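The values are calculated or read from the model by the stated rules, or taken from the named source; none is laboratory data. Keep in mind that what you see is a predicted model, and the values were worked out from it rather than measured. As a convention, Cβ positions derive from the backbone with ideal geometry for all residues, glycine included, and neighbour counts pool all protein chains shown. Surface areas here come from the heavy atoms of the whole protein model, side chains and all, with no ligands, DNA or RNA. Shrake-Rupley method; radii C 1.70, N 1.55, O 1.52, S 1.80 Å.
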Amino acid sequence: MLERYDPRNWPISYEGLIETAVALGSSIVLALIVHYIAFALLRRFTRASESQIDDVIVQRVRKPLRWAMIGFAISIAAENDHLVGDGWDVLAKFLQPFVLGWVAYAVVKGFAAGYERQVELAGDEVATRSLRTRIAILSRTATFAIVIITVSLIMLSIPGVAKVGTTMLASAGLAALAIGAAAQPALKSLIAGLQMALTQPLRIGDLVKVDGQAGRVEEIRMSFVTVRTWDERVLVVPTARFLDNTFENWSRVSEKLTGPVMLHLDPASEVEPIREEFEAFVKAHPLWDGRNLALVMTEAYPESIELRLSMSAETIGDLFNLRCAVREHMVKWLRENQPDALIRHRLEVEAANARAKEA
């Protein structure tokens, strides 16, 4: 049974084997030379171009196209040599889908990386975050589809798997229901990811608040979104949750934001001097962007009043630092200039003792 694999029983001479090796080797060498010349010309054209996309794409597809050229050369040699053809016919069923899938995968990744590099040079931070989010989600969707199709084509090249697939077609209705039920979470995540790319309720780099936690969006995947909080924790939130539930996006349109500082003071406090000091301090502060500045009394209780000191800044980080500076300065100023405005809760021991004696 194993005699057919003995080289002594092969119907080919030693000279024929040498001719086959020479023909196969020369075809591969010629393919590599053509590949080298073609990419040398492509690199020259891409360097002359102002776009960054073509440079990255050419760099990414160079290696998979080299193997594609080698496979093409072997196919040509197989047409003229039956020994090569017998072996290549078996391997080509698996290698051709793999190489084509590899080339398609490299093109998608190269286009995504090049386009992302291109938009980073634009200088518009909000537009950059929007395009980066769309590129990331769509490229992951495309690569996922390429991997699934490539693996399916390779598996269908296996005779046993192909027979199983043919048998399953007889019960296609039940199979479709079973697959649909099992893949429901994955399909929901896929649809949510596509919705996220098209509608963009949040983008990579946006500052969001979800479940009472605020942080920057670091990564958007088909099934989950990662949010980095100020204390370096990472929140992993399902993608569909941002579409089904309410959340806050503090940088949806721009980084410019207005924020408050709340002061709870004694009702006898003089508000106008506090307003003048607040406005003078903020106007002199380098982080204020000159847009919004106001002090209003938002509440009045029997034992306290509530003042809202609102201010604006160019970025969310600048606004946070400005609010901290205003809060610290105003408390210090009140302590030095209006100490009676600060609410104190003290136990009047002497008055209590006097009342006790009278009783």
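Just a few scattered comments:
- Accessible surface ranking for R44, R335, R308, 1.4 angstrom probe, highest first: R44, R335, R308.
- Ellipsoid fit via the Cα gyration tensor, segment 209-290: semi-axes of 37, 16, 11 Å, each the root of five times an eigenvalue, largest first.
- Accessible area in square angstrom per residue, segment 208-293, 1.4 angstrom probe: 56 Å²
- In segment 24-76, the portion of solvent-accessible area held by carbon and sulfur atoms comes to 69 percent [1.4 Å probe, whole percent, DNA, RNA and ligands not counted].
- A Cβ-based charge dipole, computed about the Cα centre of segment 212-254 with Lys and Arg at +1 and Asp and Glu at -1, lands at about 80 debye.
- Sorted from longest to shortest, the spans of the Cα atoms of segment 194-335 along the three principal axes equal 56, 35, 26 Å.
- Shown are R233, R66, whose ranking by accessible area with a 1.4 Å probe and every protein chain present, most to least, is R233, R66.
- Exposure ranking of K209, K93 by accessible area [1.4 Å probe, largest first]: K93, K209
- Net charge, H264 excluded, C-beta distance under 10 Å - Lys, Arg +1, Asp, Glu -1: -4
- If only the Cβ of Lys and Arg carry +1 and only the Cβ of Asp and Glu carry -1, the dipole of segment 219-291 around its Cα centre is close to 580 debye.
- Sulfur and carbon atoms: percent of accessible area, segment 253-325 [1.4 Å]: 53 percent
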